[in-house]
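Engineer: This structure is in structure tokens; I'll ask about it shortly.
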Amino acid sequence: MKCFHFIIFLLLAPIIAFSGTIKVGAGELVHSIKQAIHLAQKGDTIIVAAGEYREGNIVVDKQVFLQGKGMPVLNGQKKFEILSIKANGVIVEGFKLVHSGISAIDDFAGIKLYDCKDIVIRNNMLHDTYFGIYVQYGINCKIINNTVVAFLKEEQQSGNGIHCWKSDNILISGNKIMGHRDGIYLEFVSNSVISNNHSIKNIRYGLHFMSSNNNKYLSNYFIGNGAGVAVMYSNQVQMINNVFKENWGDAAYGLLLKDIRDSEIKGNHFEKNTSGIYMEAVTRVSMEHNLFINNGWAMKIQANCMEVNVTKNNFLGNSFDVGTNGNLVLNRFNNNYWDKYEGYDINKDKIGDVPYRPVSMYSMIVEQNPTAMMLFRSFITSLLDKTEKLIPSITPENLVDNLPLMNKAF
Amino acid sequence: MYKIIKYILTDILRNKIIIAYILVLLSISLSIFALEDNVNKGLLSLLNLILIVLPLFSIIFSTIYLYNSSEFIELILSQPIKRKIIWIGFSFGLSIALSIAFILSIALPILIFVHTLSALMIVIVGLLLTNIFVAVALFACVKIRDKARGIGVAIILWMYFSLLFDALILFLLFQFNDYPIEKPMIVISSFNPIDLARVLVLLQLDESAMMGYTGAIFKEYFGTKLGMSISVFILTTWYTIPLYFSNKQFDKKDL
Amino acid sequence: MIIANNVTKQFGKLKALNDFSVECHSGACISLIGPNGSGKTTFIKSVLGMIIPDSGFITFNNQNIDKDCTYRSNIGYMPQIGRYPDNMSIGQVIDLMKEIRMNNGTISLDEDLLNAFQIQKITDKKMCTLSGGTRQKVSAVLAFLFNPSVLILDEPTAGLDPVASEILKEKITLEKHREKLILITSHILSDLDELVNEVIFMQEGKLIFHKEVEELKLETGEKMLGKVIANVMSKN
């Protein structure tokens, strides 16, 4: 028996000997990843060669560096969750994960993190997984440069691309997410940065997050998602330099803000959305240097919003600049550029001498009586708007830019 | 009949006002497509032209032309030729001439620059509107003897279709705010060819998303092949019915 | 040739023709005379089918005219005011008329007036560029062009210069001798004295009398037609 152990040790010696590196592949001694993990010790590197691996559910329960060379394919055969990470400090790199199982009860994912810290998931491709990368109680994790693509058509049959739940200090950067239910979904996530991601053509939201405070969203692209980006019940959110584009549909918007407080929305680009931004119960939010171009409504701001400062934004080619549902206005619009502004500037200080009212009469009518939308682009509505501009009566008196810019703000 | 159509056509197409109209609209549509990189936005700008200018020009030009031709109509009537044929000749002459003007000035640029179903829809709708307002003018002219009154009525009719009717709709919408009024509105919109045309094109142009729930209801009806065919059919009846009644009226009119 | 039977036509309250009956036969050159609003033009238009009588009927060669429009190929009509589509040339208007008429078999064209007025020289001119007199000439040419057996001339010499007027009168005389029926309305009576051999006098839509000129002259003892009429009118 001792002899047998010794033989095994001798056989495996070359693998362990190279400072904890285990090679997996058809031509190697270890053929399966599961076996490699079983053999590995804390801190080891497992290098997986190209090829297809059908090993069902692979559980990573040790701190290892799982590295794919030449994009090895991990196939979940539409039955299993592919990678389950249950140890701290795991790094997963260079894999292609395909065909995870679909289960609404277990939330099968391509890669799922269970209650762990310091994980890095980078440069992987996930095709046709139910959930893509799923972080549950994760702390200090990095999800970088992954491509997550699903092909399902129905909302119920599809999970989210990158899903984080009750996590802290997460970095999600440089990922491409397509065809999922929500591109990126966060709930109860704090102190995280989401940057440089492309969330494109997802069935519901490009980005969806709820009750997640102190997060930053920088330079992401949200294009052609079913309903845009939804941000709800959160404080201290910074949304900077993102692009919200082509979220066009009956109930679509570029960015939906609901119950957001003390946040910043700066330098974003809203183009061709049915509504650029929809704001409900938003408090103390500053909006600066955003570009609204060719949207149906650039901005819909409900009367229950307070202290929203809209400054130095450009509004170009929108069908309606601002829509609102009441006469109460507790928000400030200043120094914006409105392409529909027809005022003049006699003293040449580049600020129009006549205030601009961004809410048109017709948009007020539609807000009260949605069916009136059937008169969209009719002669009478443009005539009404023109008369209202001359003699304001219905549009809210205080929703006004007193210092409209004569030239674009930036 | 063909002879009359032929001569009326050559007369109208050499008319300075028609030539100016063609040139102005042509330059507008070309510059819209040249300046606007988004063709759909170009189509929308042209839609305004089609919904407002086209009907106005059609109805006013036809009215004035018919009144100016009244002596000539009498002269032709003294020839061995049936009244019906004279009137149909004049109707078709006007219709074809104004349709040609529309095709040269707006339809061709659209079809050259845009190759979508919505472009085709705009062209069809524009053609229909042109002819509808020619027919309405024919009816007004045959009903009213006096030229000044006739032109006045033509302007009022145009105002009604492009403005007053929509004001009425707006009024109705607020009166029946609490009721699900979307579906009746589909029916009501077909009482005005301009509204019907506008909704048809907007739904084609993907603008229905802007129209929210109403748009969804409208799309459910107008978006289907059946709904579209019915709408186009209704627009056609907007042409044929005034034409038919003007013809009938002309048959027993004292000149 | 043309027989009106109890024709009545009412415009609003005005009775333009009131139980109007008259017979016109070929070879006659008839002057329709009456004060303004007496129903002359209404009668002419009724004959041409432009006005549909309320009651009564008109026959042309014993055919009721409301049945068929072909009788009009036998009529040449010269309207009081000739207005034509602005952008048609004279040639086109003539061509159009020819094409309409040719439908009913070929007819020998009578181009006397065409030549006399020298219309061929200006055949390419647009209608809107023509003077009123020239337009009248075109109207006259069109009325005579198809050699019709009946000529209906509404104020034919009004607006024509004396030379043209003379040419037209000669032409009318010529046609009269060809046994055609010629109906003329005119205010300027002296102009037509020498042409007319019958007079229909109308007032308030009614026929006052229809007599030969010679007969009238005898009755009144006047030689000039104008005076004859004035005499008659003062009596009425």
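The values are calculated or read from the model by the stated rules, or taken from the named source; none is laboratory data. The model shown is predicted, which means the values in this text are computed figures rather than measured ones. Methodologically, a virtual Cβ is constructed for each residue, glycine included, from the backbone with ideal geometry; neighbour enumeration extends over all protein chains shown.
Engineer: From C:Glu214, C:Glu166, which residue is farther than 28 Å from C:Gly91 by Cα and in a helix (DSSP H, G or I)?
Structural biologist: The conditions single out C:Glu214.
Engineer: Sticking with this structure for a sec: Give the residue that is surrounded by the most Cβ atoms within 10 Å (Cβ to Cβ), with candidates limited to residues of region B:41-61 that are more than 10 Å from chain A (Cβ to nearest Cβ) and polar (S, T, N, Q).
Structural biologist: Result: B:Ser58.
Engineer: Something else: Could you please find all residues in region C:101-134 being of a type in the set (A, V, I, L, M, F, W, C) and within 12 Å of chain B (Cβ to nearest Cβ)?
Structural biologist: Those that are of a type in the set (A, V, I, L, M, F, W, C) and within 12 Å of chain B (Cβ to nearest Cβ): C:Met102, C:Ile107, C:Met127, C:Cys128.
Engineer: Just checking, how many residues over region B:175-193 are within 8 Å of chain A (Cβ to nearest Cβ) and among the aliphatic types (A, V, I, L, M)?
Structural biologist: Qualifying residue count for the region: 2.
Engineer: If you don't mind, there's one more thing I want to ask. Considering every residue within region C:80-92, establish whether at least one is within 28 Å of B:Tyr67 (Cβ to Cβ), surrounded by 16 or more Cβ atoms within 10 Å (Cβ to Cβ), of a type in the set (Asp, Glu) and in contact with a Pro (Cβ under 8 Å, 6 or more places away or on another chain).
Structural biologist: Looking for residues that are within 28 Å of B:Tyr67 (Cβ to Cβ), surrounded by 16 or more Cβ atoms within 10 Å (Cβ to Cβ), of a type in the set (Asp, Glu) and in contact with a Pro (Cβ under 8 Å, 6 or more places away or on another chain), one finds none in region C:80-92, hence no.
So that you can scan it fast, the table gives a plain yes or no per residue for (1) under 18 Å from A:Asn402 (Cα atoms); (2) under 31 Å from the mean Cα position of the chain (by Cα); (3) more than 14 Å from chain B (Cβ to nearest Cβ); (4) in a helix (DSSP H, G or I):
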| site | (1), (2), (3), (4) |
| --- | --- |
| A:Asp345 | yes, no, yes, no |
| A:Lys348 | yes, no, yes, no |
| A:Asp353 | yes, no, yes, no |
| A:Pro358 | yes, yes, yes, no |
| A:Tyr362 | no, no, no, yes |
| A:Val366 | no, yes, no, yes |
| A:Arg377 | no, no, no, no |
| A:Thr381 | no, no, no, yes |
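Engineer: Exactly one of these conditions fails for A:Ser212: (1) out of contact with any Lys or Arg (no Cβ under 8 Å at 6 or more places or on another chain); (2) in a loop (DSSP other than H, G, I, E, B); (3) surrounded by fewer than 19 Cβ atoms within 10 Å (Cβ to Cβ). Give me its number.
Structural biologist: In the conditions (1) out of contact with any Lys or Arg (no Cβ under 8 Å at 6 or more places or on another chain); (2) in a loop (DSSP other than H, G, I, E, B); (3) surrounded by fewer than 19 Cβ atoms within 10 Å (Cβ to Cβ), A:Ser212 misses (3) alone.
Okay, residues lined up against (1) within 11 Å of chain B (Cβ to nearest Cβ); (2) farther than 20 Å from C:Pro148 by Cα; (3) touching a residue at least 60 places away in the same chain (Cβ under 8 Å); (4) in a loop (DSSP other than H, G, I, E, B):
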residue	(1), (2), (3), (4)
C:Ile58	no, no, no, no
C:Tyr84	yes, yes, no, yes
C:Leu96	yes, no, no, no
C:Glu99	yes, no, no, no
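Engineer: Of all residues in region C:13-56, which are within 14 Å of chain B (Cβ to nearest Cβ) and assigned to a helix (DSSP H, G or I)?
Structural biologist: C:Thr41, C:Thr42, C:Phe43, C:Ile44, C:Lys45, C:Ser46, C:Val47, C:Leu48
Engineer: Among B:Ser78, B:Ser91, which is the only one that is under 21 Å from the mean Cα position of the chain (by Cα), within 30 Å of C:Asp66 (Cβ to Cβ), of a type in the set (Ser, Thr, Tyr) and buried (at least 17 other Cβ atoms within 10 Å of the Cβ)?
Structural biologist: B:Ser91
Engineer: Then there's this: Among the residues of region C:63-82, which ones are farther than 19 Å from C:Phe146 by Cα, at pLDDT 85 or above and at the interface with chain B (Cβ under 7 Å from one of its Cβ atoms)?
Structural biologist: If the condition is that a residue be farther than 19 Å from C:Phe146 by Cα, at pLDDT 85 or above and at the interface with chain B (Cβ under 7 Å from one of its Cβ atoms), then no residue fits.
Engineer: Condition (residue is of a type in the set (Ser, Thr, Tyr) and buried (at least 20 other Cβ atoms within 10 Å of the Cβ)) applied to region C:150-163: is it met by at least one residue?
Structural biologist: The answer is yes; a qualifying residue exists.
Engineer: Restricting to region B:74-93, count the residues that are in a helix (DSSP H, G or I) and either without any contact (Cβ under 8 Å) to a residue 40 or more places away in the chain or under 17 Å from C:Arg101 (Cα atoms) (or both).
Structural biologist: 9
Engineer: A further question on this structure: Pairs, please: C-beta under 6 Å, at least 6 apart or cross-chain, first residue at the interface with another protein chain (Cβ under 8 Å from one of its Cβ atoms) and in region B:8-21, second loosely packed, with under 13 Cβ neighbours inside 10 Å and not β-branched (Val, Ile, Thr)?
Structural biologist: Note: no pairs meet the criteria.
Engineer: May I ask you to list the residues in region B:3-14 that are of a type in the set (Lys, Arg) and either in a helix (DSSP H, G or I) or within 24 Å of B:Ile194 (Cα to Cα) (or both)?
Structural biologist: B:Lys3, B:Lys6
Engineer: Continuing with this model, one more query. Scan region A:171-181 and tell me whether some residue there is closer than 14 Å to A:Ala109 by Cα and among the hydroxyl-bearing types (Ser, Thr, Tyr).
Structural biologist: No, that holds for no residue.
Engineer: Does region B:221-252 hold any residues that are within 14 Å of chain C (Cβ to nearest Cβ) and surrounded by fewer than 17 Cβ atoms within 10 Å (Cβ to Cβ), and which are they?
Structural biologist: Selection gives B:Lys248, B:Gln249, B:Asp251, B:Lys252.
Engineer: Right, here's the next one. Given the criteria assigned to a strand (DSSP E or B) and over 16 Å from the mean Cα position of the chain (by Cα), does A:Ser234 qualify?
Structural biologist: No.
Engineer: Looking at (1) within 29 Å of B:Ala135 (Cβ to Cβ); (2) modelled with pLDDT of 85 or more, can you tell me which one B:Phe176 breaks?
Structural biologist: All conditions pass for B:Phe176, except number (1).
Engineer: A further question on this structure: Specify which of the listed residues (B:Leu164, B:Leu203, B:Leu172) is more than 8 Å from chain A (Cβ to nearest Cβ) and buried (at least 20 other Cβ atoms within 10 Å of the Cβ).
Structural biologist: B:Leu203
Engineer: Go through region A:125-175 residue by residue and tally those that are over 23 Å from A:Ser212 (Cα atoms), among the hydrophobic types (A, V, I, L, M, F, W, C) and outside any strand (DSSP E or B).
Structural biologist: The qualifying residues number 3.
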